[in-house]
Amino acid sequence: MREKFQRDDAVDKMGRDELVSVIDREAQVYDEKEESVVEGAHKKLSVLKEEDFKELGSPDHLVKMQYILKEGSSTGIGRATTIVDAPIAEAAAFELSEMSREVVKVHFASGGLDRELLKINDHQSIFHLVIDLAIPGFKPRQWVQMLVWRWSADKKELTTISSSVEHDGFPECDEYLRASCTVVTKYKQEAEVGGIPQTKVTYTMNVDVGGAIPKWVINTQAVETLMYLSAMRKRFDKSLEIDAASQGNLVTMIQNHDGEYSEREEEILEEGKTMIGVFEQQKSKELKMSPSTTQAKMAYKDGESHAYGWSSAVVRASPAQVLALVWDTVGRFNDYEDTLEKTLDEDGEHSKLMYIKKKVPNPFDNRDFLTRMVWKKRGAGFIYVSVPELSGAHPLSSDIVRANYPSMLKMACTSDGSTQLEFVLQPDAVNEWIERYPATKELEREYVWFRPMMDTVAQRLLESVSWGIKMRLYVGATLSTMDLISDVYMIYTYATTGQQGTALSLAAMVGLCLLLQLFLVWVQTHKGPRRVMLKEMLIVLTGIAPGIHAMRVANGNEKLEHAKVSPQIELATTRGFELVCESIPGTVVQLAALFRGMQENGGDYSKAALASIVVSACTTGFVAATISFDFDVDPERRRNEPKFYGYIPDSAGRRTAIFFCMIMNGALLLLLRGASTALLVMVDGRLVLYCYLGDHALYLAYKIARRDLYHWVPLEGVTMVVESVIERVCIKAITDFTGVAQFRAMGEMGGIAQWFADLGMGWAGPRRWRRSCYRLRNDIGTEIDPILHLRSLIQAVTPASAPELCETYNSVLVNRYSSGAAGIKWHADDERWYCVHERDNKCDIRIASVSLGAERFFEMRRRPQGNPDERRKLRIRLRSGSLLVMAGPCQEHWQHALPRDDECEGVRYNLTFRRVLTAEEDPTLRTVRAD
């Protein structure tokens, strides 16, 4: 009944109107205590430095939020700023109405436990409130505040102060923890817009909630508190009235316009008219829209990647009013939340050139638009066309994508004075693709055939979207989660049926898997914020890591800051841990338990145990099939190793069938090998232990002897050794139990380490120096553009008159020396995979070395001939930017080194460009080890 007859809004408005009257007309007299509170609040906030404030994500793009906060501190400082469409008194009255029905309702709905107000006089009140922080183990917080307002001398600025005080009417209570807060809100008069008063409101809050509160809790509460300013802005929002004032002038201009159009403007208008014709010629698909009075269609033009969109609706306004709304580009209607920058380069009556930069959610780059807009009268209506434009005022940037979306809006007058709208949009993904990379932009300018070729490529890519890849990721994550759940269930079953040994074995495997995943999380996040590490560890411990990792890969998330590897590598490593620690040994243990149960129960078996074994086998088969499949279809491997890769056909249907057969092959191989191992366990478990420990010991000894133990992850010291041993053992176990054929190949000696090196990921070097190797190709991406430019400079400065120094370099080795304590011992770069030029029957390997960063000495010495102490030695000081070329028989007769230099404290980078032979040039290199 109360809800039926409630008049909360009317009651609140009456109270605010009375307060506005008091603020506007009645003079106030302030006592010493009030003056002290005002002065103390201003003094407390005056010490804040502008540079200490950090941006805080605001849900309302018209409200700017900032904060100052230290981790572990209970004190937080927040500031919000906005413009309110109201006079100062009305805006201030909204804040001062602390006991309005709306405020009280929101307070209790958001965790408030108590709220009372004691009015002292017209400009001072004491209010008491209690809020539950909703954090387990934390007491509710209690505030007692004095609220005072005061005009400036010229009455153009009003300030409200809310400061914590002690009051006999509101004593401290053991149930609550007393908190303190100081809030200063400044209301400053701004120039009117469209006849609407404007007030700039700055709300600064210094709150101490007591105790050590996590930073993320303070941030969350800060945003919720500062959103109060957003509620004030929305309450007084008069955007429609403000826009109507400016658009009224535009309507008059549009109706009376009689300007001349240039040849370029007429071309743009004709281009817009052809959009409708092109759309009508294609097969289109109807889209469901809301409301139903709006119609929409999508169509693709044959042979192009352009997706055309069309929509139609009737608007209860004249064509001139609709055009004015669109043409008012700086109006509030066209002020979108994702707009980062908007600039009008040309602002004519019928033609504009506008630049817009928009924020795009991760993992995509932000977009910018440079658009030419033209309108013209057509009969009783208008046509409006927007097309991309080029301008030197806004050059292309490498960290933002130039988006091009040509569009046309046709406005026709109906018999009842309404407007029939017809809109056509032509999003051009190919333009974004071309503009993203400098090389493709250059090709488009020089060659007329490049754009049609890119259109064809884009169309083929659209036909093979990544839903299959995403589905594969999610299926794999589901199987991994099911495997973990089934293992936990079987642990409980074995523990309650007297099979404690089996239960403990499975629990140990699950625990080891989780431990290795936590180790991976530490490797990934230990150099970043601790909250990120705790969050990732919580994801692992709750068992949802496979799904989270799959989602990150499917969404194309980039590598986190401070992380060692990308989400793809993290997913692959996690899945490897699951196979080695959980799926493979779990299958063996459960098969042994199943066989023992059948032996003891006369052939009867547990269906739950059998289901768990099947899930583990399917998980293992799926992951193994994924590894083999990705290796075989990789274009680079097919190109470099055509006799080993490329057996899976390109047909989508046949690939699906082969992938399913590969899953079954991996699962059945695991069951077969697992069953044989389980039978051996039943005979004598020590035999299995001796067999596998000996097998892995020999394998690791073989790797160490080949100097191939270190893996690719860029770690150092003991961590690198531990990670390398874990990865090598995991890879061997996967190979033995799943038969991943690629790990058996001579071309893949070193297994997954060489795989990632091929992708340019690099690998860890011995302790103090790291190195990473890149093949120089134009299709790798923009990351190595500076290296490609550096190579061109080297080739340019090499004199054509000295052919013995010229080389077509196709690879670069990057060495990083962190200080003068890092160096490299005597050696010669005479490996067989470097290109050798036969000159005068002597070895001729050409290497160009570029030094960047700290200056270091570079030493050379002749190889031993007779007495080693009498060999010749050279010493060269290499400065940053210097180029050193070694050619001729240098590598055959000389060695070089970078000696230790304790006086050097800077970092040095060395880039050595080389010509590396491919397997096609020298087939014997197929058997060369990965390092």
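What the table below lists for this structure:
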read-out	value
All positions within region 781-817 that are of a type in the set (S, T, Y), modelled with pLDDT under 80 and open to solvent by less than 60 Å² (accessible area, probe 1.4 Å)	T782, T798
Flag for S292 being modelled with pLDDT under 70 and under 19 Å from E422 (Cβ atoms)	yes
Count of residues meeting criterion [out of contact with any strand residue (DSSP E or B) (no Cβ under 7 Å at 6 or more places or on another chain) and at pLDDT 85 or above] in region 259-287	8
Number of the exception - N778 against (1) surrounded by 17 or more Cβ atoms within 10 Å (Cβ to Cβ); (2) at pLDDT below 80	(1)
Any hit, region 520-529, residues being hydroxyl-bearing (S, T, Y), assigned to a helix (DSSP H, G or I) and over 25 Å from G597 (Cβ atoms)	yes
Scan of region 254-270 for residues that are exposed (fewer than 15 other Cβ atoms within 10 Å of the Cβ), in contact (Cβ under 8 Å) with a residue 40 or more places away in the chain and part of a helix (DSSP H, G or I), ordered by number	Q255
Qualifying positions in region 81-107 - charged (D, E, K, R), in a loop (DSSP other than H, G, I, E, B) and open to solvent by 20 Å² or more (accessible area, probe 1.4 Å)	E98
Extreme residue, surrounded by the most Cβ atoms within 10 Å (Cβ to Cβ), among residues of region 108-149 that are in contact with a Ser or Thr (Cβ under 8 Å, 6 or more places away or on another chain) and aromatic (F, W, Y)	W149
Looking only at region 232-253, and only at residues there that are polar (S, T, N, Q) and exposed (fewer than 14 other Cβ atoms within 10 Å of the Cβ), the one that is farthest from E98 (Cα to Cα)	T252
Considering residues of region 347-367 that are touching a strand residue (DSSP E or B) at 6+ places or on another chain (Cβ under 6 Å), modelled with pLDDT under 80 and not aliphatic (A, V, I, L, M) only, the residue surrounded by the most Cβ atoms within 10 Å (Cβ to Cβ)	R367
Odd one out for A652, checked against (1) under 19 Å from A592 (Cβ atoms); (2) modelled with pLDDT under 85	(1)
Of residues in region 687-742 being of a type in the set (V, I, T) and under 30 Å from the mean Cα position of the chain (by Cα), the one modelled with the lowest pLDDT	V713
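Residues checked against (1) polar (S, T, N, Q); (2) surrounded by fewer than 20 Cβ atoms within 10 Å (Cβ to Cβ); (3) touching a helix residue (DSSP H, G or I) at 6+ places or on another chain (Cβ under 9 Å); (4) at positive phi:
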| position | (1), (2), (3), (4) |
| --- | --- |
| W151 | no, yes, yes, no |
| S163 | yes, no, yes, no |
| Q189 | yes, yes, yes, no |
| V193 | no, yes, yes, no |
| T199 | yes, no, yes, no |
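The values are calculated or read from the model by the stated rules, or taken from the named source; none is laboratory data. Predicted, not measured: the structure shown is a model, and the values here were computed from it. Because the Cβ atoms are built from the backbone with ideal geometry, glycine has one as well, and the counts that use them run over all protein chains shown. We work out accessible area using only protein heavy atoms, side chains counted, and drop any ligands, DNA or RNA first. Shrake-Rupley method; radii C 1.70, N 1.55, O 1.52, S 1.80 Å.
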